[in-house]
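Trainee: Here it is, the structure, as structure tokens.
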Amino acid sequence: MAKDNVTRDGTLAGIPEEKIDMLAATSVLQQQASEIRNLRINWQSYLQSQMIGNDDYILITSIDNAAAGQRDQLIKENKSQLAKTFLNLLEHVSKDQTIQYILVMIDDMLQEDRSRVEVFREHSSRKKEPVCGQFLNLLNGSDGFIINMTARIIAKIACWSSELMDKSDLHFYLSWLKEQLKITNNEYMQSVARCLQMMLRIDEYRAAFISVDGISTLLSVLTGRVNFQIQYQLIFCIWVLTFNPKLAERMNKFSVIPILADILSDSVKEKVTRIILAAFRNLIEKPEDPSISKEHCIAMVQSKVLKQLSILEQRKFDDEDIVEDVQFLNDKLQASVQDLSSFDEYATEVKTGRLEWSPVHRSAQFWRENAGRLNEKNYELLRILIHLLETSRDALVLSVASYDIGEYVRHYPRGKIVIENLGGKQLVMQLLSHEDPNVRYEALLAVQKLMVHNWEYLGRQLEKEQESPANKSQGVLTGKA
């Protein structure tokens, strides 16, 4: 897998566009497109019913009947009319079958020569309209082939044009793709993922995808039951996102590492393994903050990636990139294990959201030495623990988070006040009625620590008052000194 950055025109260095397109050649959309190409449309009837004008009729019939070589010449000679004709047809024709045919013609035309997207851009510039405007309207239809072939055309125009997609159109389009990913048993999932693979090669589109909560959606789909082809395509999207250093730094806040580690441990397909390793490598190489790279290494160690690397080292791979990535990751993770402090390990575990009874939780020495460090970065780790109490459905996570909050309160003098101010006390108390007995038990212990800490604090205050000079004087006067 190429490690070079992604070029502006959307081509990944080292991977020809044609090779990537072969991945989608067996998709439902492509199979249906093959059948639609064999149709014959009666353009004469549209002319006679005055649904299309004479200029549009002459051009569409000429292109439709031309051989490949002739078609190229026709397009060059009729650039100014071409986009106008296709868009007129899409606007005035209502029959689904004909719209399908027109869209396949447009897609094939763009696929043959990507510079042809400029025909649509120039047409929209003359009309002072967004280049994808009319195509975006077709996404609201009900025919699955029409909306997904349209989405494919939009991706090509957005990625291959000399100008970036209009921001509001981009937001609409990426939101639409995201919602399509959520559809259960979507037969066009492969095509939707393919559009995202194209879009996310362009850096300006990556931030827009993040803004529509795209990463959470990708990961939600990946944690469900999807075939290896969809796994590959969606992890490809994550890999491409990690070429942006700022996004690479934020990525594991979405628990990308443990989720990809789980897929890696189950993967039997070499291309899925390859793309996960490439994503892991970027998560270490791309962040500009060394502490985040270190954090990612620790997260990989905790997600048992070292064990998987050890297994992969025993396998024979023809792909040199896999061998190289395995060696790189192994070296980095082994080095991070040597430098690992107990607090680093704890902080990384909390940030992944996958709490378990690792040794640091039960270590009294750890809490004595590190309880105060949970206040760092505006109580970052405490806020995560409290958020887990509120959102997690995992009994183990809830048990460990409750225990940790109790230990923090027990070992940090102002812990009770901090937890109350952050809303943690109420959440712990709600868990007293949780259906899982282990959660109830740990919540009860945490509540007891909150209460005991209160009495200990009160006791110390009473002792101080008794030792104050005023009290001592009062004691002499009353004969109790």
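Trainee: Could you run through segment 80-96 and say how many residues are surrounded by 14 or more Cβ atoms within 10 Å (Cβ to Cβ) and either of a type in the set (Ser, Thr, Tyr) or assigned to a helix (DSSP H, G or I) (or both)? Step through it out loud before you land on a result.
Mentor: Just the residues of segment 80-96 that are surrounded by 14 or more Cβ atoms within 10 Å (Cβ to Cβ), to begin with: 81-90, 92-93.
Checking which are either of a type in the set (Ser, Thr, Tyr) or assigned to a helix (DSSP H, G or I) (or both) leaves us with 81-90, 92.
Going through segment 80-96 one residue at a time, the tally reaches 11.
Trainee: Go through segment 234-274 and report how many residues are within 21 Å of LEU355 (Cα to Cα), assigned to a loop (DSSP other than H, G, I, E, B) and open to solvent by less than 10 Å² (accessible area, probe 1.4 Å).
Mentor: Total satisfying the criteria: 0.
Trainee: I would also like to ask the following. Which of the residues belonging to segment 360-391 are within 20 Å of GLU295 (Cβ to Cβ) and basic (Lys, Arg)?
Mentor: Hits for segment 360-391 are ARG373, LYS377, ARG383.
Trainee: Do any residues in segment 351-374 that are within 18 Å of ALA395 (Cβ to Cβ) and assigned to a helix (DSSP H, G or I) have Cβ atoms under 6 Å from those of residues that are at pLDDT 85 or above and not hydrophobic (A, V, I, L, M, F, W, C), where the two are at least six apart or on different chains, and which pairs are they?
Mentor: That search, which allows pairs on different chains as well, returns THR352/SER255; THR352/PRO258.
Trainee: When you scan segment 380-400, how many residues do you find that are surrounded by 18 or more Cβ atoms within 10 Å (Cβ to Cβ) and over 14 Å from ASN438 (Cβ atoms)?
Mentor: 7
Trainee: Looking at segment 275-309, which of its residues are open to solvent by less than 30 Å² (accessible area, probe 1.4 Å) and among the charged types (D, E, K, R)?
Mentor: Of everything in segment 275-309, just one residue is open to solvent by less than 30 Å² (accessible area, probe 1.4 Å) and among the charged types (D, E, K, R), namely ARG281.
Trainee: Considering only residues that are aliphatic (A, V, I, L, M) and open to solvent by 10 Å² or more (accessible area, probe 1.4 Å), which ones fall in segment 97-125?
Mentor: Going through segment 97-125, the residues aliphatic (A, V, I, L, M) turn out to be 99, 102-106, 109-110, 117, 119.
Answer for segment 97-125, where residues must be aliphatic (A, V, I, L, M) and open to solvent by 10 Å² or more (accessible area, probe 1.4 Å): ILE99, MET105.
Trainee: Considering only residues that are open to solvent by 40 Å² or more (accessible area, probe 1.4 Å) and either within 13 Å of ALA299 (Cα to Cα) or of a type in the set (Gly, Ala, Ser) (or both), which ones fall in segment 345-362? Before the answer, list the steps.
Mentor: Keep residues of segment 345-362 that are open to solvent by 40 Å² or more (accessible area, probe 1.4 Å), which gives 345, 351, 354, 356-357, 359, 362.
Across segment 345-362, the qualifying residues are GLU345, LYS351, ARG354.
Trainee: Right, another one. Give all pairs with beta carbons closer than 9 Å in which a residue from segment 283-309 that is on the phi > 0 side of the Ramachandran plot meets a residue that is part of a helix (DSSP H, G or I) and open to solvent by 50 Å² or more (accessible area, probe 1.4 Å); count only pairs at least 6 apart in sequence or on separate chains.
Mentor: From residues that are on the phi > 0 side of the Ramachandran plot, the pairs are LYS304/SER265.
Trainee: A further question follows. Based on this model, can you work out whether GLU35 counts as assigned to a helix (DSSP H, G or I), out of contact with any Gly (no Cβ under 9 Å at 6 or more places or on another chain) and modelled with pLDDT under 90?
Mentor: Values: assigned to a helix (DSSP H, G or I): yes; out of contact with any Gly (no Cβ under 9 Å at 6 or more places or on another chain): yes; modelled with pLDDT under 90: no.
So GLU35 fails the test.
Trainee: Just checking, does segment 310-331 include any residue being under 30 Å from TYR408 (Cα atoms), hydroxyl-bearing (Ser, Thr, Tyr) and surrounded by fewer than 19 Cβ atoms within 10 Å (Cβ to Cβ)? Don't jump to the end; show me each part of the working.
Mentor: Initially, segment 310-331 is screened for residues under 30 Å from TYR408 (Cα atoms), giving none.
Checked segment 310-331: no residue is under 30 Å from TYR408 (Cα atoms), hydroxyl-bearing (Ser, Thr, Tyr) and surrounded by fewer than 19 Cβ atoms within 10 Å (Cβ to Cβ).
Trainee: Residue by residue through segment 338-384, note down the ones that are in contact with an Asp or Glu (Cβ under 6 Å, 6 or more places away or on another chain) and closer than 17 Å to GLY415 by Cβ.
Mentor: TRP367 - this is the single residue of segment 338-384 that is in contact with an Asp or Glu (Cβ under 6 Å, 6 or more places away or on another chain) and closer than 17 Å to GLY415 by Cβ.
Trainee: Now a separate question. What's the total number of residues in segment 401-420 that are within 32 Å of the chain's Cα centre (by Cα) and either surrounded by fewer than 21 Cβ atoms within 10 Å (Cβ to Cβ) or closer than 19 Å to GLU356 by Cα (or both)? Break it down stepwise before answering.
Mentor: Going through segment 401-420, the residues within 32 Å of the chain's Cα centre (by Cα) turn out to be 401-405, 419.
Within this subset, residues satisfying the condition of being either surrounded by fewer than 21 Cβ atoms within 10 Å (Cβ to Cβ) or closer than 19 Å to GLU356 by Cα (or both) are 401-405.
Looking only at that region, the number is 5.
Trainee: Looking at segment 122-161, which of its residues are of a type in the set (A, V, I, L, M, F, W, C) and in contact with a Ser or Thr (Cβ under 9 Å, 6 or more places away or on another chain)? Full working, then the answer.
Mentor: So the first thing to find is which residues in segment 122-161 are of a type in the set (A, V, I, L, M, F, W, C), and the list is 131-132, 135-136, 138-139, 145-147, 149, 151, 153-155, 157-160.
Hits for segment 122-161 are VAL131, CYS132, PHE135, LEU136, LEU138, LEU139, MET149, ALA151, TRP160.
Trainee: Could you list, in sequence order, all residues of segment 171-190 that are part of a helix (DSSP H, G or I) and open to solvent by 10 Å² or more (accessible area, probe 1.4 Å)?
Mentor: Going residue by residue through segment 171-190, those that are part of a helix (DSSP H, G or I) are 171-182, 189-190.
Correct list: HIS171, PHE172, SER175, TRP176, LYS178, GLU179, GLN180, LYS182, MET189, GLN190.
Results for (1) outside any helix (DSSP H, G or I); (2) modelled with pLDDT under 55; (3) farther than 29 Å from PHE366 by Cα, shown as yes or no for each residue.
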site	(1), (2), (3)
GLY406	no, no, no
ILE417	no, no, no
VAL439	no, no, no
LEU444	no, no, no
VAL447	no, no, no
GLU456	no, yes, no
ARG460	no, no, no
GLN474	no, yes, yes
LYS480	yes, yes, yes
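Trainee: Now, a different point. Mind counting the residues in segment 51-66 that are open to solvent by 40 Å² or more (accessible area, probe 1.4 Å) and under 43 Å from the mean Cα position of the chain (by Cα)? Walk me through how you get there before you give the answer.
Mentor: Quick first cut of segment 51-66, residues open to solvent by 40 Å² or more (accessible area, probe 1.4 Å) only: 51, 54-55, 57-58, 62, 65.
Next, only the ones that are under 43 Å from the mean Cα position of the chain (by Cα) stay: none.
Qualifying residue count, segment 51-66: 0.
The values are calculated or read from the model by the stated rules, or taken from the named source; none is laboratory data. Treat the numbers as computed from the prediction; the structure is a model and nothing was measured. Neighbour counts run over all protein chains shown; Cβ positions are idealised from the backbone, glycine included. Remember, those area values only see protein heavy atoms, side chains included, never the ligands or the DNA or RNA. Shrake-Rupley method; radii C 1.70, N 1.55, O 1.52, S 1.80 Å.
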